[in-house]
Amino acid sequence: MITSYRMQPANFNPEIPKELVLLSIIAQSFFQPFSLEDNLLVILTALTSGAGIGFNRATLFLTEGDKLKATLWLGPRSPEEAEAIWTMLSSPGLGYAEIVEHNRELVSRLLPDLQPKLKALEYNLEDEDLKYPAAAARDKEIVLVTGASTEPRVDRRFLNFVQVEEFLCLPLVARNEIMGEIVVDNAITHAPITARDIELASLCGLLAGNYIHTTRLYKKVLEMEKLAALGEMAAFISHQLRNPIVAIGGFTRQLVNQPCNQEKCQRNLQIIQEEIKHLEEIIFRMSHFLRIKIKELVPIDYRPILLGIRERPDIKAKATGKTITISLPENNSLILCDPVYFEEALVNLLDNALDVTPPGGRVYLRACQRNKKWVTITVKDSGPGLDEKSQEKMFSPFFSTKESGLGLGLLFVRRVMESCGGKIEVRSKPGRGTMFRLYFLARERGST
């Protein structure tokens, strides 16, 4: 017997232990868009959902340098609003996704009114006289505050904001670094915060701290990659533009400083004109390859385009002494792409294949329908192939194995495939050539 179960329960079940409900709610973060705000909202939902831990409200603080700043607040502002929200959230058939979406809308609706009050809750973590809730973050300790109005170590600004006698401070820590803090309370029900509540809430705090740390680390990696790419671009541009600029400068100085006959002046001007044309070509190719704008994907018949590419003058000239073998199905499906970018991508691959194929060699261009979803187009050369290091770098900007290559062609092809919802595979071995296989989404003729 085979019995199927949902990967996650669709609806809340009040009979399920809170630990399992909490785990299910937090698991939603893996299905949300990869944004810190979404993931933290899932954590706040787990803390404030009636079927989760069940706190009434939650305030989120995040660190910014040595400052701790209130950034998000989730929960009702009054008993009437709480009753309306909890009635809605207890509706039969309501699932996790609906509750997270409801909380997202609630935060968006409340934030404009609360933003000035949240902005006032900013603390310097270096302050020696730091009060709660910020002191809990600084000390990296979970703190339960009771009798808040008579406790001198509680910040009055925060107390005026939450207006409760009891609240729980959950520092968000990752790798012994303070990421922020979540403060929860039961302002509406006035239910006491129990040791079990604190134990479960601490798990949420641990996850939230790691979410923030991972996101910030990811942003740092992206910044490092951008800086590295910028350095590569500067070196590349310097290398590509140096020779034409030096030539233009040298021949211009000759024309300005040294008298010359008409024939010599004409020659110098011709060289300057050619070098300027070379510069224009470099700039055009860089701007064209790095900027891809596909407004709409349309079903296209790839067969006439591929047959036309073989007849292009530039391709025929490169193919002199070599053979291009084309294999295409007779009754082919259509593919989703932009016809102009599709042709340019294939021209790039075929151009590269002909560059590395020796005289007497063969280049293969094949198309076939793998299944109902994909049509594949393959370009294979009989060149020297690529080692592992070159394969790892082949889609990096400005990497090229050709002396005069810009190193943007394969990056352009990959970006076209991504924009078309397709994918690209590469197989290569030294001495056995290289094969590129492009996967395009298939469309039957006559279908919409």
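In the range 107-154, what residues are at positive phi and touching a Pro at 6+ places or on another chain (Cβ under 6 Å)?
If the condition is that a residue be at positive phi and touching a Pro at 6+ places or on another chain (Cβ under 6 Å), then K140 is the only one that fits.
Matching residues to (1) more than 23 Å from L125 (Cβ to Cβ); (2) of a type in the set (F, W, Y); (3) without any contact (Cβ under 8 Å) to a residue 60 or more places away in the chain:
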residue	(1), (2), (3)
E181	no, no, no
V184	no, no, no
I188	yes, no, no
T194	yes, no, yes
L203	yes, no, no
G209	no, no, yes
I212	no, no, no
R216	no, no, yes
K220	no, no, yes
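Filtering the range 143-161 to residues that are in contact with a strand residue (DSSP E or B) (Cβ under 6 Å, 6 or more places away or on another chain) and closer than 19 Å to N56 by Cβ leaves V143, L144, V145, A148, V154. Might you check whether a residue that is in contact with a His (Cβ under 9 Å, 6 or more places away or on another chain) and in the same structural domain as D66 (by TED's automatic domain parsing) occurs anywhere in the range 136-150? No, because not a single residue in the range 136-150 is in contact with a His (Cβ under 9 Å, 6 or more places away or on another chain) and in the same structural domain as D66 (by TED's automatic domain parsing).
For the range 42-76, how many residues are more than 20 Å from A120 (Cβ to Cβ) and either at pLDDT below 85 or part of a strand (DSSP E or B) (or both)? Here the count works out to 14.
Listed by first and then second residue, the pairs linking a residue in the range 106-133 that is assigned by TED's automatic domain parsing to the domain that holds L170 to a residue that is among the small types (G, A, S), with Cβ atoms under 7 Å apart and 6 or more places separating them unless they lie on different chains, are L118/A70; L121/A70; Y123/A134; L125/A134; L125/A137. Here E181 passes the criteria (1) modelled with pLDDT under 95; (2) within 26 Å of G65 (Cα to Cα); (3) under 34 Å from the mean Cα position of the chain (by Cα) except the one numbered (1). The residues on offer are I188, I193, and the sole one that is in the same structural domain as E122 (by TED's automatic domain parsing), in contact with an Asp or Glu (Cβ under 9 Å, 6 or more places away or on another chain) and at pLDDT below 90 is I188. Taking the criterion of being at pLDDT 70 or above and touching a helix residue (DSSP H, G or I) at 6+ places or on another chain (Cβ under 7 Å), the residues of the range 204-242 that qualify are C204, L207, A208, Y211, I212, T215.
The values are calculated or read from the model by the stated rules, or taken from the named source; none is laboratory data. If you're wondering where the values come from, they're calculated on a predicted model, not measured in any experiment. Neighbour counts run over all protein chains shown; Cβ positions are idealised from the backbone, glycine included.
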